[in-house]
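Here the structure comes first, spelled out in structure tokens, and everything after it is commentary.
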Amino acid sequence: MKFVSTRAKQAVTLSEAIRRGAAPDGGLYVPERLPRFEAGELPAGLPLPRLAERLLKPFFVDDALDVHLGDICANAFNFPVPLVTPDPARPGLRALELFHGPTGAFKDFGTRFLMGALDRMARPGERFTVLVATSGDTGGAAGCAAEGRENVSLAILYPQGRVSAFQEHQLTCWGEGVAAFSVKGDFDACQALVKSAFADVALTRRFNLTSANSINIARLLPQMVYLAGAALDVHKASGVAPGFIIPSGNLGHALAALYARAIGAPIGPIVVATNANDALSRWAATGLYQPLPSVATLANAMDIGAPNNFERLAALEPGQRAVSVERVLDDAIRARISEDFARSGYVWCPHSAIGAESWHRLPEAAREQRVWISAATAHPYKFADIVEPLTGSAIVPSPALEAVLKRRSEKRAIKADPQTLARALADTFRPAHAGEGVPA
């Protein structure tokens with residue numbers, strides 16, 4: 001299996017695609033071809049680590065990481081992923097709870113997978129410095145996954161004043177090998193900083209830079225696993241391929257659903273659920289994609305005006321990229337959280353509420369035709385300041401999130417300027433290869 005850029009066709013190995021993060025031409029790496037599993041080759045009921053190894057194996061064939069795939073999967077998929085019915089009176093809507101990992105967000109799977117891969121890829125004396133631009137959850141998950149790694153350091157870039165109080169604590173509380181930078185700008189400014197760093201050949205070489213955002217193929221591929229697992233279970237029980245509703249900002253999670261369907265998982269229609277940022281809804285309505293400045297919303301992890309993974313979506317064959325897009329504004333988020341808690345006691349985070357609201361907007365015939373699985377992407381405690389006033393009830397943190405609160409927070413404020421970022425990296429991290437300068 002080889003991987004090519006969305007902008008050119010020069011093929012590289014999986015390890016090289018992971019190592020680079022983004023392609024040198026500015027494109028994103030995609031599989032040269034998508035493998036295809038036939039019915040029965042992916043059985044329902046497999047433990048996630050075993051399903052992960054089986055489903056991802058074709059992408060790792062003949063790569064140096066192939067021998068490590070089992071261990072990487074075992075460490076990345078070692079917490080539960082319940083598929084629940086939030087409201088027994090509405091059995092057609094299921095919530096796939098992806099927030100039972102160490103940082104309470106679906107990003108835990110992909111970041112743990114990526115860091116495990118990088119740690120095993122490093123040559124003797126080599127170290128990776130991972131850059132991650134985050135609008136809320138990715139940075140915390142990456143920080144947890146990178147902390148204490150032998151061969152990996154991590155720089156977290158997040159938009160100053162545009163994350164919740166808990167999110168900021170979770171972004172800034174990690175220790176050995178992890179540093180957090182509060183950027184004076186929005187998420188798109190953080191993402192632009194990461195891209196500028198990769199475009200700086202000398203800086204990239206000095207620190208062996210790679211990315212932990214979903215631009216990195218090793219972040220995206222493992223997200224297929226739990227989606228495929230839920231689809232297999234529902235299909236076995238009902239005989240009908242479920243639909244999926246995926247709250248999406250940078251489009252990586254939705255793309256994972258499209259990939260899972262393309263390779264043979266029994267997945268029916270896919271709805272990409274967005275907040276007020278409307279680049280995707282405009283594209284779905286007009287066929288034209290135009291990145292726009294990001295807009296601040298209650299679902300801040302999705303506040304992205306220029307979703308990077310659109311290039312990967314556009315690279316799919318027309319039949320493979322069939323999705324609909326539903327745009328949900330803040331008032332509807334508030335109403336959905338309040339109404340569903342009053343009806344059933346179930347608590348959505350603002351992002352997951354966008355998925356629930358999108359299900360309610362489906363035509364009645366579509367809702368009744370099949371089970372719909374909506375991705376519950378984050379633990380509601382992470383947004384207690386938004387959710388508790390709407391439910392009138394205190395949210396209890398999970399033990400993992402409670403442990404996060406006890407950690408010490410440390411951050412450094414920087415301007416959204418490539419030279420400032422380069423100096424911050426030089427002040428914080430040691431060079432990628434032993435003997436290249438003195439560790440900072």
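The values are calculated or read from the model by the stated rules, or taken from the named source; none is laboratory data. Just so it is clear, the model here is predicted, and its values are computed rather than measured. As a convention, Cβ positions derive from the backbone with ideal geometry for all residues, glycine included, and neighbour counts pool all protein chains shown.
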**Of all residues in region 205-228 being in contact with a Gly (Cβ under 9 Å, 6 or more places away or on another chain) and assigned to a helix (DSSP H, G or I), the one that is nearest to residue 6 (Cα to Cα)** = 217
**Message:** Return the residues of region 141-169 that are part of a helix (DSSP H, G or I) and not charged (D, E, K, R); say none if nothing qualifies.
**Reply:** 141, 142, 143, 144, 145, 146, 165, 166, 167, 169
**Message:** Cβ-Cβ distance below 7 Å, separation of 6 or more or different chains: which pairs start in region 26-44 with a residue that is within 30 Å of residue 200 (Cβ to Cβ) and end on one that is in a strand (DSSP E or B) and at pLDDT below 95?
**Reply:** 28/22
**strands (runs of 3 or more DSSP E) fully within region 1-109 counting 1 or more residues that are hydroxyl-bearing (Ser, Thr, Tyr)** = 3-5, 29-31
**Message:** Criterion first (under 30 Å from residue 28 (Cα atoms) and more than 19 Å from the chain's Cα centre (by Cα)) does residue 307 satisfy it?
**Reply:** no
**Complete:** Here the residues within region 181-204 that are of a type in the set (D, E, K, R) and either part of a loop (DSSP other than H, G, I, E, B) or at pLDDT below 90 (or both) are 186, 188, 195, 200
**Fill in**
Going through (1) at pLDDT 95 or above; (2) farther than 19 Å from residue 219 by Cβ one by one, residue 125 fails only at (1)
**Message:** So the check is Cβ under 8 Å with 6+ separation or different chains; which pairs have a first residue in region 125-140 that's within 21 Å of residue 401 (Cα to Cα) and charged (D, E, K, R) and a second one that's surrounded by 24 or more Cβ atoms within 10 Å (Cβ to Cβ) and at pLDDT 90 or above?
**Reply:** 137/103; 137/105; 137/106; 137/107; 137/377; 137/378; 137/382
**Prompt:** Any residue at all in region 375-394 that is assigned to a loop (DSSP other than H, G, I, E, B) and under 18 Å from residue 182 (Cα atoms)?
**Reply:** no
**Filtered residue count, region 243-275, keeping only those that are farther than 20 Å from residue 221 by Cβ and touching a strand residue (DSSP E or B) at 6+ places or on another chain (Cβ under 7 Å)** = 7
**Request:** Give region 110-140 a look and list any residue that's touching a Phe, Trp or Tyr at 6+ places or on another chain (Cβ under 6 Å) and either polar (S, T, N, Q) or not in a helix (DSSP H, G or I) (or both), or say none.
**Result:** 129, 134, 135
